[in-house]
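The values are calculated or read from the model by the stated rules, or taken from the named source; none is laboratory data. Quick caveat: nothing in here was measured; it's all calculated off a predicted structure. Virtual Cβ from ideal backbone geometry, glycine too; neighbours counted across all protein chains shown. SASA here: full protein model, heavy atoms, side chains in, ligands and nucleic acids out. Shrake-Rupley method; radii C 1.70, N 1.55, O 1.52, S 1.80 Å.
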Amino acid sequence: MSWHPQYRSSKFRHVYGKAASKDKCYDCVPITRNVHDNHFCAVNPHFIAVVTECAGGGAFLVIPIHQTGKLDPHYPKICGHKGNVLDIKWNPFNDFVIASCSEDATVKIWDIPKHLLTRNITSPKKELLGHVRRVGLIEWHPTASNILFSSGYDYKIMIWNLDTKEAVISNPVKILDAHKDVVLSMSFNTDGSLLATACRDRKIRLIDPRAGTVLQEASYKSHRVNKVLFLGNMKKLFSTGTSRWNNRQIALWDQNDLSVPLLEEDLDGSSGLLFPFYDSDTHMLYVVGKGDGNIRYYEISPEKPYLNYLMEYRSHLPQKGIGMMPKRGLEVSACEIFRFYKLIPTKSLIEPVSMIVPRRSESYQEDIYPLTTGAQPALTAQEWLNGVNKGPLLVSLRPGSGAVNSLPQFPETEPLVKTTDLSQHQGRGGKMPLEGMQKPSEIGDNRKQLKVEENLPKNKQMRLSNGFDIFECPPPKTENELLQMFYRQQEEIRRLRELVNQRDVQIKQLELELRNLCMDTGGY
């Protein structure tokens with residue numbers, strides 16, 4: 001059993017799960033009855049996709065994320081597969097492209113229109129033909145655009161490059177033939193240079209996907225693995241499975257030594273699968289049980305005891321599948337750090353469950369929202385195939401910091417030019433954004449603002465206008481430091497705007513008091 005200390009300092013110690021109200025759920029959704037062990041649900045900030053029942057082939061629904069309530073029974077479907085759909089995944093860099101795989105041994109790529117669906121979509125954008133048996137898993141590469149991995153019951157993992165004009169692709173760029181049984185799970189490390197797999201032969205494999213070589217292999221007898229997950233940059237793997245006595249079990253592994261797990265823990269005697277989810281920003285791990293309504297969550301630490309139990313969300317409604325909203329789709333004003341979408345087939349219901357950090361302040365909580373993975377690829381498909389590794393491009397979740405998919409990107413080849421441009425922007429950013437974001441009725445109050453600024457010392461003006469002390473802070477050396485300085489400057493501009501508004505209110509109050517005094521003296 002993992003060690004649960006009585007007292008431990010953590011900002012996520014009191015995270016709790018909050019189910020959405022009935023009007024925020026998706027009702028009357030014909031959820032699939034397939035017994036395949038997959039999520040059957042994929043979510044992004046625009047749509048929720050769910051595998052559904054369909055006579056004569058396979059289909060899935062794509063519902064706009066804000067279209068809650070009862071679903072029209074004649075709502076259009078995506079129904080181009082000839083067999084049951086087994087897995088669906090949204091493109092991480094394009095919210096209007098989704099991939100699906102099926103029992104008909106094909107993988108299809110679909111374009112979803114930005115307007116509301118009015119009829120069934122039967123023609124895919126691309127069709128991938130290579131597997132000879134049904135395809136059970138698909139995964140997009142985390143940093144390279146248009147690279148897709150698929151795994152089938154022919155024991156092969158195929159790598160597809162979608163950067164082609166061909167509508168039908170029959171030759172994958174690489175075939176990984178290292179497994180002797182069905183692959184149950186695939187997971188990438190942060191930059192996508194390593195692939196971890198869980199196989200039905202009870203082994204965990206660590207694979208270099210471009211070379212096709214197995215770097216590590218775990219054949220630990222007392223842990224029968226079902227799902228495996230990379231824990232970000234912690235150099236650790238997390239797996240769920242069953243013990244020798246058929247208890248549900250979790251295990252933690254050192255990425256460089258898979259001979260013996262660092263930690264093993266039996267959870268309960270239920271028979272349902274355990275789906276793991278990891279949030280690399282908060283270092284929180286969520287374990288979702290299939291067939292029950294529980295969501296356990298832990299905090300991962302680099303030192304012993306590694307796995308720190310936090311709490312458990314419990315519900316009487318069992319989930320068949322689960323979807324996860326990317327970080328850029330969360331409601332940061334409510335301190336929401338994770339959101340699940342539970343598939344409840346007994347009620348034909350999709351129920352959002354938000355994981356929330358209790359905070360009294362309504363302002364942006366920077367400590368629980370570090371820079372996170374954005375919607376821009378770090379590499380092209382060809383660059384990754386040529387051997388280039390690069391971590392994901394990071395963005396801020398702060399409201400008003402700009403659209404997530406249109407934040408400035410800073411190429412590594414020209415850091416000095418970009419730094420100079422941004423410093424010039426910061427230098428004049430003390431006044432320009434303030435004036436540009438004023439209402440027309442406030443433009444005449446600029447004199448009051450100038451008087452406030454004149455009363456400040458010159459060195460204080462310099463520090464306030466730039467958001468940091470230029471005499472103490474060294475210039476940024478990396479892209480992340482540059483972004484952090486930019487967001488600090490934006491925060492300082494907001495603070496100054498609030499200060500100006502407060503001064504305006506005080507001036508109006510004083511004017512009213514003076515007017516009242518004058519009227520009182522005139523009466524006498």
Exercise for the section: Check region 402-416 and report whether any residue there is part of a loop (DSSP other than H, G, I, E, B), within 18 Å of the chain's Cα centre (by Cα) and modelled with pLDDT of 50 or more. Expected result: yes
Exercise for the section: Would you tally the residues in region 265-297 being crowded, with 18+ Cβ neighbours inside 10 Å and at positive phi? Expected result: 1
Handout entry: Considering residues of region 6-39 that are within 24 Å of the chain's Cα centre (by Cα) and hydroxyl-bearing (S, T, Y) only, the residue nearest to S100 (Cα to Cα)
Key = Y26
Completion exercise
Within region 325-336, the residues that are on the phi < 0 side of the Ramachandran plot and surrounded by fewer than 22 Cβ atoms within 10 Å (Cβ to Cβ) are M325, P326, R328, G329, L330, E331, V332, S333, A334, E336
Practice task
Output the number of residues of region 172-192 satisfying the condition of being open to solvent by 20 Å² or more (accessible area, probe 1.4 Å) and either assigned to a strand (DSSP E or B) or out of contact with any Lys or Arg (no Cβ under 8 Å at 6 or more places or on another chain) (or both).
Solution key: 9
Problem - Residue check, I112 over 21 Å from R328 (Cβ atoms) and in contact (Cβ under 8 Å) with a residue 12 or more places away in the chain - result: no
Completion exercise
Residues in region 141-171 that are open to solvent by less than 30 Å² (accessible area, probe 1.4 Å) and touching a Phe, Trp or Tyr at 6+ places or on another chain (Cβ under 8 Å) total 13
Exercise for the section: Just give me the residues in region 225-248 being open to solvent by less than 20 Å² (accessible area, probe 1.4 Å) and farther than 22 Å from S301 by Cβ, in sequence order. Expected result: V225, G241, S243, R248
Exercise for the section: Would you confirm whether any residue within region 223-230 is in a loop (DSSP other than H, G, I, E, B) and of a type in the set (A, V, I, L, M)? Expected result: no
Practice task
Kindly check whether there is at least one residue in region 355-375 that is open to solvent by less than 20 Å² (accessible area, probe 1.4 Å) and more than 20 Å from F12 (Cα to Cα).
Solution key: yes
Fill in the blank from the handout: Selection from region 135-171 of residues part of a loop (DSSP other than H, G, I, E, B), of a type outside the set (G, A, S) and closer than 24 Å to A42 by Cα yields H141, P142, T143, N146, Y153, K156, L162, D163
Practice task
Report whether or not I356 is in contact with a Lys or Arg (Cβ under 7 Å, 6 or more places away or on another chain) and aliphatic (A, V, I, L, M).
Solution key: yes
Practice task
With respect to L317, determine if the residue is free of Cβ contacts under 8 Å to residues at least 40 places away in the same chain and either touching a helix residue (DSSP H, G or I) at 6+ places or on another chain (Cβ under 8 Å) or of a type in the set (A, V, I, L, M, F, W, C) (or both).
Solution key: yes
Problem - Residue in region 69-87 that is open to solvent by 20 Å² or more (accessible area, probe 1.4 Å), in contact with a Gly (Cβ under 6 Å, 6 or more places away or on another chain), at pLDDT below 95 and among the basic types (K, R) present - result: yes
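Okay, residues lined up against (1) under 30 Å from I295 (Cα atoms); (2) among the hydrophobic types (A, V, I, L, M, F, W, C); (3) open to solvent by 10 Å² or more (accessible area, probe 1.4 Å):
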{"site": "Y16", "(1), (2), (3)": "yes, no, yes"}
{"site": "V51", "(1), (2), (3)": "yes, yes, no"}
{"site": "A55", "(1), (2), (3)": "no, yes, yes"}
{"site": "S100", "(1), (2), (3)": "yes, no, no"}
{"site": "W110", "(1), (2), (3)": "no, yes, no"}
{"site": "P113", "(1), (2), (3)": "no, no, yes"}
{"site": "P124", "(1), (2), (3)": "no, no, yes"}
{"site": "L128", "(1), (2), (3)": "no, yes, no"}
{"site": "H131", "(1), (2), (3)": "no, no, yes"}
Handout entry: region 18-49, residues that are open to solvent by 20 Å² or more (accessible area, probe 1.4 Å), part of a loop (DSSP other than H, G, I, E, B) and within 21 Å of R296 (Cβ to Cβ)
Key = A20, D37, H39
Exercise for the section: Can you give me the ranges of the strands (runs of 3 or more DSSP E) entirely in region 303-369 with at least 2 residues that are under 30 Å from L262 (Cβ atoms) and among the hydroxyl-bearing types (S, T, Y)? Expected result: 307-313
Practice task
Out of the residues in region 193-206 that are within 27 Å of the chain's Cα centre (by Cα) and more than 19 Å from D87 (Cα to Cα), state the one that is surrounded by the fewest Cβ atoms within 10 Å (Cβ to Cβ).
Solution key: S193
